[in-house]
1. Does the stretch 61-76 hold any residues that are open to solvent by 100 Å² or more (accessible area, probe 1.4 Å) and more than 21 Å from ILE50 (Cα to Cα), and which are they?
2. Looking only at the stretch 21-40, count how many residues are of a type in the set (A, V, I, L, M, F, W, C) and touching a helix residue (DSSP H, G or I) at 6+ places or on another chain (Cβ under 8 Å).
Amino acid sequence: LPAAVLLKDTKLMDVKLGQLGSWLAMRDFTPRGILGAIRRGHQRYYNKYINVRKGGLGGLSMVLAGYVVLSYMWSYSHV
């Protein structure tokens, strides 16, 4: 039998729809918590796409696509 995982330690993709409200209530929405979440996301992205032994264009093309979308939004703010 798998060990019981606390709802606080459950990943968002593993949370059931009925548990979503209580899962969100357990999140840390202070500036420190938000900064930590951004830092963990950056580390996950960096380790998955940039810091690899056999590199590819996947990570860099995602960054470039994000830059293109942001520059489009900044240039055409009326859209």
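The values are calculated or read from the model by the stated rules, or taken from the named source; none is laboratory data. Computed from a predicted structure; not experimentally measured. Because the Cβ atoms are built from the backbone with ideal geometry, glycine has one as well, and the counts that use them run over all protein chains shown. The area values use the complete protein model at the heavy-atom level, side chains included, leaving out ligands, DNA and RNA. Shrake-Rupley method; radii C 1.70, N 1.55, O 1.52, S 1.80 Å.
1. To start, the set of residues in the stretch 61-76 that are open to solvent by 100 Å² or more (accessible area, probe 1.4 Å) comprises 64, 67, 72-74, 76.
If the condition is that a residue be open to solvent by 100 Å² or more (accessible area, probe 1.4 Å) and more than 21 Å from ILE50 (Cα to Cα), then TYR72, MET73, TRP74, TYR76 are the ones that fit.
2. Selection size over the stretch 21-40: 2.
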